[in-house]
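All remarks here apply to the structure that follows.
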Amino acid sequence: AVRIALANNARIRAALAELEIAGGGLAVVLGPTSVEVMLRRSETEVTVTQEVLGLLLAPRQRAAANADVAAARAEAAAIALRLAGRVERAVYDLLAATQAEELRRSVFEAADAAALLRERMHAAGNTTDLALARDRAAREDARVDLGRAQAAVEQQREVVNGLLGLTGEQTKWTIEGALPELPKAAPSLDAIETTAVTASLDLVAGRARVEAARGQQARERLRSVLPHIGVGISVAEHDDHYETGPAVE
(Lines give C-alpha, C1' and ligand atoms only; values in the text may rest on other atoms or scores of the structure.)
Protein backbone atom coordinates (compact mmCIF):
# COMPACT_ATOMS: atom_id res chain seq x y z
CA ALA A 1 0.00 0.00 0.00
CA VAL A 2 2.84 2.42 0.81
CA ARG A 3 4.58 1.68 -2.51
CA ILE A 4 1.35 2.31 -4.44
CA ALA A 5 0.80 5.59 -2.61
CA LEU A 6 4.36 6.76 -3.28
CA ALA A 7 4.01 5.91 -6.97
CA ASN A 8 0.70 7.77 -7.41
CA ASN A 9 1.17 10.82 -5.18
CA ALA A 10 1.31 14.13 -7.06
CA ARG A 11 3.05 15.99 -4.21
CA ILE A 12 5.94 13.54 -4.30
CA ARG A 13 6.25 13.96 -8.06
CA ALA A 14 6.35 17.72 -7.54
CA ALA A 15 9.00 17.34 -4.82
CA LEU A 16 11.14 15.20 -7.13
CA ALA A 17 10.75 17.81 -9.85
CA GLU A 18 11.95 20.46 -7.38
CA LEU A 19 14.94 18.25 -6.64
CA GLU A 20 15.73 18.02 -10.34
CA ILE A 21 15.43 21.79 -10.71
CA ALA A 22 17.72 22.33 -7.73
CA GLY A 23 20.30 20.04 -9.32
CA GLY A 24 20.36 22.29 -12.38
CA GLY A 25 22.05 24.96 -10.26
CA LEU A 26 25.21 22.84 -10.11
CA ALA A 27 25.99 23.62 -13.75
CA VAL A 28 28.45 26.44 -14.42
CA VAL A 29 27.01 28.75 -17.06
CA LEU A 30 29.30 31.05 -18.99
CA GLY A 31 28.02 34.33 -20.30
CA PRO A 32 27.73 35.26 -23.97
CA THR A 33 30.67 35.66 -26.33
CA SER A 34 30.94 39.16 -27.77
CA VAL A 35 32.58 40.20 -31.02
CA GLU A 36 33.56 43.82 -31.56
CA VAL A 37 34.78 45.13 -34.92
CA MET A 38 36.27 48.60 -35.41
CA LEU A 39 36.90 49.89 -38.90
CA ARG A 40 39.01 52.99 -39.54
CA ARG A 41 40.57 54.48 -42.67
CA SER A 42 43.77 52.46 -42.42
CA GLU A 43 43.09 50.22 -39.46
CA THR A 44 40.83 47.28 -38.70
CA GLU A 45 40.50 45.68 -35.25
CA VAL A 46 38.53 42.62 -34.26
CA THR A 47 38.11 41.74 -30.55
CA VAL A 48 36.48 38.54 -29.30
CA THR A 49 35.79 38.23 -25.56
CA GLN A 50 34.12 35.56 -23.48
CA GLU A 51 32.17 36.39 -20.33
CA VAL A 52 33.93 34.52 -17.50
CA LEU A 53 32.17 35.93 -14.45
CA GLY A 54 30.42 32.57 -14.11
CA LEU A 55 33.78 30.89 -13.52
CA LEU A 56 34.62 33.32 -10.72
CA LEU A 57 31.19 32.79 -9.16
CA ALA A 58 31.24 29.00 -9.64
CA PRO A 59 32.47 28.03 -6.14
CA ARG A 60 29.81 30.16 -4.44
CA GLN A 61 27.16 29.08 -6.90
CA ARG A 62 27.93 25.40 -6.42
CA ALA A 63 27.91 25.77 -2.65
CA ALA A 64 24.47 27.36 -2.80
CA ALA A 65 23.24 24.76 -5.32
CA ASN A 66 24.50 21.87 -3.19
CA ALA A 67 22.62 23.30 -0.23
CA ASP A 68 19.49 23.69 -2.37
CA VAL A 69 19.78 20.06 -3.48
CA ALA A 70 20.20 18.92 0.14
CA ALA A 71 17.13 20.93 1.15
CA ALA A 72 15.04 19.61 -1.74
CA ARG A 73 16.14 16.04 -0.97
CA ALA A 74 15.20 16.40 2.71
CA GLU A 75 11.84 17.96 1.84
CA ALA A 76 11.04 15.16 -0.64
CA ALA A 77 12.00 12.53 1.93
CA ALA A 78 9.85 14.24 4.57
CA ILE A 79 6.83 14.26 2.25
CA ALA A 80 7.37 10.58 1.45
CA LEU A 81 7.71 9.61 5.12
CA ARG A 82 4.62 11.57 6.12
CA LEU A 83 2.63 9.89 3.35
CA ALA A 84 3.95 6.47 4.34
CA GLY A 85 2.92 7.08 7.94
CA ARG A 86 -0.56 8.19 6.93
CA VAL A 87 -0.97 5.12 4.72
CA GLU A 88 0.17 2.76 7.47
CA ARG A 89 -2.23 4.30 9.96
CA ALA A 90 -5.09 4.15 7.44
CA VAL A 91 -4.43 0.50 6.68
CA TYR A 92 -4.29 -0.37 10.38
CA ASP A 93 -7.56 1.52 10.89
CA LEU A 94 -9.07 -0.49 8.04
CA LEU A 95 -7.85 -3.76 9.57
CA ALA A 96 -9.36 -2.68 12.89
CA ALA A 97 -12.66 -1.79 11.22
CA THR A 98 -12.67 -5.14 9.39
CA GLN A 99 -12.09 -7.04 12.61
CA ALA A 100 -14.80 -5.02 14.32
CA GLU A 101 -17.19 -5.90 11.48
CA GLU A 102 -16.38 -9.59 11.86
CA LEU A 103 -17.03 -9.34 15.59
CA ARG A 104 -20.35 -7.56 15.03
CA ARG A 105 -21.32 -10.19 12.46
CA SER A 106 -20.65 -12.94 14.98
CA VAL A 107 -22.71 -11.09 17.59
CA PHE A 108 -25.57 -10.68 15.12
CA GLU A 109 -25.49 -14.31 14.09
CA ALA A 110 -25.63 -15.35 17.75
CA ALA A 111 -28.47 -12.90 18.47
CA ASP A 112 -30.33 -14.08 15.37
CA ALA A 113 -29.97 -17.71 16.40
CA ALA A 114 -31.16 -16.90 19.91
CA ALA A 115 -34.19 -14.98 18.56
CA LEU A 116 -35.11 -17.83 16.19
CA LEU A 117 -34.90 -20.33 19.02
CA ARG A 118 -37.00 -18.08 21.22
CA GLU A 119 -39.62 -17.77 18.46
CA ARG A 120 -39.88 -21.57 18.20
CA MET A 121 -40.17 -21.85 21.95
CA HIS A 122 -42.85 -19.16 21.97
CA ALA A 123 -44.77 -20.97 19.24
CA ALA A 124 -44.64 -24.10 21.38
CA GLY A 125 -45.83 -22.14 24.41
CA ASN A 126 -42.62 -22.63 26.38
CA THR A 127 -41.65 -18.95 26.91
CA THR A 128 -43.20 -15.60 27.61
CA ASP A 129 -43.98 -12.70 25.30
CA LEU A 130 -41.53 -10.53 27.22
CA ALA A 131 -38.64 -12.93 26.63
CA LEU A 132 -39.52 -13.12 22.96
CA ALA A 133 -39.60 -9.32 22.64
CA ARG A 134 -36.30 -9.03 24.50
CA ASP A 135 -34.49 -11.47 22.17
CA ARG A 136 -35.98 -9.83 19.08
CA ALA A 137 -34.85 -6.39 20.30
CA ALA A 138 -31.35 -7.77 20.95
CA ARG A 139 -31.25 -9.12 17.38
CA GLU A 140 -32.27 -5.77 15.91
CA ASP A 141 -29.68 -3.96 18.03
CA ALA A 142 -27.06 -6.37 16.76
CA ARG A 143 -28.25 -5.79 13.18
CA VAL A 144 -27.87 -2.01 13.62
CA ASP A 145 -24.40 -2.43 15.12
CA LEU A 146 -23.41 -4.66 12.19
CA GLY A 147 -24.64 -2.06 9.72
CA ARG A 148 -22.62 0.65 11.42
CA ALA A 149 -19.53 -1.57 11.38
CA GLN A 150 -19.98 -2.23 7.65
CA ALA A 151 -20.35 1.50 6.99
CA ALA A 152 -17.17 2.16 8.97
CA VAL A 153 -15.31 -0.36 6.80
CA GLU A 154 -16.51 1.32 3.58
CA GLN A 155 -15.64 4.75 4.92
CA GLN A 156 -12.14 3.63 5.86
CA ARG A 157 -11.68 1.97 2.47
CA GLU A 158 -12.35 5.34 0.83
CA VAL A 159 -9.70 6.92 3.06
CA VAL A 160 -7.19 4.32 1.86
CA ASN A 161 -8.30 4.78 -1.75
CA GLY A 162 -7.68 8.51 -1.48
CA LEU A 163 -4.20 8.05 -0.02
CA LEU A 164 -3.30 5.45 -2.65
CA GLY A 165 -4.69 7.57 -5.51
CA LEU A 166 -7.02 4.81 -6.73
CA THR A 167 -10.26 5.33 -8.67
CA GLY A 168 -12.75 3.29 -10.67
CA GLU A 169 -11.80 -0.35 -11.20
CA GLN A 170 -8.63 0.17 -9.17
CA THR A 171 -10.68 0.32 -5.96
CA LYS A 172 -11.77 -3.34 -6.21
CA TRP A 173 -8.97 -4.59 -4.00
CA THR A 174 -9.11 -6.79 -0.94
CA ILE A 175 -7.17 -6.69 2.30
CA GLU A 176 -5.91 -9.59 4.37
CA GLY A 177 -4.32 -10.02 7.76
CA ALA A 178 -5.06 -8.69 11.22
CA LEU A 179 -3.74 -6.08 13.58
CA PRO A 180 -0.32 -6.92 15.02
CA GLU A 181 0.00 -7.88 18.64
CA LEU A 182 0.72 -5.12 21.12
CA PRO A 183 4.37 -4.86 22.22
CA LYS A 184 5.20 -6.55 25.49
CA ALA A 185 6.76 -3.38 26.90
CA ALA A 186 6.07 0.29 26.31
CA PRO A 187 8.71 2.17 24.31
CA SER A 188 11.20 4.31 26.18
CA LEU A 189 10.41 8.02 26.00
CA ASP A 190 13.46 9.31 27.88
CA ALA A 191 15.26 10.66 24.78
CA ILE A 192 12.23 11.24 22.56
CA GLU A 193 12.85 14.99 22.12
CA THR A 194 16.53 14.52 21.25
CA THR A 195 15.67 11.71 18.85
CA ALA A 196 12.97 13.80 17.16
CA VAL A 197 15.25 16.81 16.72
CA THR A 198 18.10 14.67 15.40
CA ALA A 199 15.89 12.85 12.91
CA SER A 200 13.85 15.87 11.79
CA LEU A 201 14.05 16.24 8.02
CA ASP A 202 12.30 19.61 8.29
CA LEU A 203 15.21 20.91 10.37
CA VAL A 204 17.69 19.45 7.88
CA ALA A 205 15.90 21.23 5.04
CA GLY A 206 15.78 24.49 7.00
CA ARG A 207 19.52 24.43 7.73
CA ALA A 208 20.24 23.68 4.08
CA ARG A 209 18.07 26.61 2.96
CA VAL A 210 20.06 28.88 5.28
CA GLU A 211 23.32 27.65 3.76
CA ALA A 212 21.93 28.19 0.27
CA ALA A 213 20.95 31.75 1.16
CA ARG A 214 24.46 32.43 2.47
CA GLY A 215 26.00 31.14 -0.75
CA GLN A 216 23.68 33.27 -2.86
CA GLN A 217 24.47 36.32 -0.72
CA ALA A 218 28.21 35.83 -1.23
CA ARG A 219 27.68 35.40 -4.97
CA GLU A 220 25.57 38.54 -5.30
CA ARG A 221 28.03 40.53 -3.18
CA LEU A 222 30.82 39.73 -5.66
CA ARG A 223 28.51 40.45 -8.59
CA SER A 224 27.70 43.87 -7.17
CA VAL A 225 31.41 44.75 -7.15
CA LEU A 226 32.26 43.10 -10.46
CA PRO A 227 29.12 42.81 -12.57
CA HIS A 228 30.97 41.81 -15.76
CA ILE A 229 34.35 40.52 -16.82
CA GLY A 230 35.36 39.13 -20.19
CA VAL A 231 38.67 37.86 -21.53
CA GLY A 232 39.63 37.09 -25.09
CA ILE A 233 41.84 38.06 -27.98
CA SER A 234 42.21 41.14 -30.15
CA VAL A 235 43.56 41.24 -33.70
CA ALA A 236 44.43 44.59 -35.29
CA GLU A 237 45.59 45.39 -38.82
CA HIS A 238 47.77 48.49 -39.34
CA ASP A 239 48.85 49.14 -42.93
CA ASP A 240 48.98 45.43 -43.82
CA HIS A 241 50.64 44.61 -40.50
CA TYR A 242 48.80 42.43 -37.98
CA GLU A 243 49.08 42.63 -34.23
CA THR A 244 47.55 40.09 -31.88
CA GLY A 245 47.18 40.36 -28.13
CA PRO A 246 44.97 39.63 -25.15
CA ALA A 247 41.77 41.54 -24.50
CA VAL A 248 40.09 42.21 -21.16
CA GLU A 249 36.67 43.80 -20.82
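Rounded to the nearest 20 debye, the dipole size of segment 1-47 about its Cα centre is 340 debye, using +1 on the Cβ of Lys and Arg and -1 on the Cβ of Asp and Glu. In segment 117-249, the ratio of gyration radius to Kirkwood radius, Rg to Rh, stands at 1.54 when only Cα atoms are counted.
Relative to the Cα centre, the charge distribution of segment 101-249, modelled as +1 at Lys and Arg Cβ and -1 at Asp and Glu Cβ, gives a dipole magnitude of about 1000 debye. What does the C-alpha gyration tensor say about the overall shape of segment 151-224? Classify as rounded when a/c is under 1.5, otherwise prolate if a/b is larger than b/c, or oblate. Oblate, since a/c reaches 1.5 and b/c is not below a/b.
Would you mind getting the accessible area per residue of the chain, heavy atoms of the protein chains only, 1.4 Å probe, in Å²?
67 Å²
Taking segment 151-172 and a reference point 7 angstrom along Cα→Cβ of Glu88, the backbone N atoms nearer than 18 Å belong to 160, 163-164. In segment 53-142, the C-alpha radius of gyration followed by the widest Cα-Cα span (Dmax) gives 32.4, 105 angstrom.
Once the Cα atoms are used to define both axes, helix 10-24 deviates from the longest principal axis of the chain by about 20 degrees. In the chain, the C-alpha radius of gyration followed by the widest Cα-Cα span (Dmax) gives 36.9, 136 angstrom.
When the charge dipole of segment 154-231 is built from unit charges on Cβ atoms (+1 for Lys and Arg, -1 for Asp and Glu) and taken about the Cα centre, the candidate among Ala186, Gly206, Gly162 whose Cα reaches farthest toward its positive end is Gly206. For segment 167-198, the list of GluC sites (Glu not before Pro) that fall in a loop by DSSP and count at most 12 other C-beta atoms within 10 angstrom reads Glu176, Glu181. Between the residues His228, Val144, His241, the greatest Cα displacement towards the positive end of the dipole of the chain, with unit charges on the Cβ of Lys, Arg, Asp and Glu, is found for Val144. Taking Cβ atoms as reference points and 13 Å as the exclusive limit, the residues near His228 contribute a net charge of -1, counting Lys and Arg as +1 and Asp and Glu as -1.
To the nearest ten degrees, helix 129-164 and the longest principal axis of the Cα atoms of the chain are 10 degrees apart. About its Cα centre, the chain has a charge dipole of approximately 960 debye under the convention of +1 per Lys or Arg Cβ and -1 per Asp or Glu Cβ, with nothing else charged.
The values are calculated or read from the model by the stated rules, or taken from the named source; none is laboratory data. These numbers come from a predicted model, not from an experiment. Note that each Cβ is placed from the backbone with ideal geometry, even for glycine, and that neighbours are counted across all protein chains shown. Note: areas computed on protein heavy atoms with side chains; ligands, DNA, RNA excluded. Shrake-Rupley method; radii C 1.70, N 1.55, O 1.52, S 1.80 Å.
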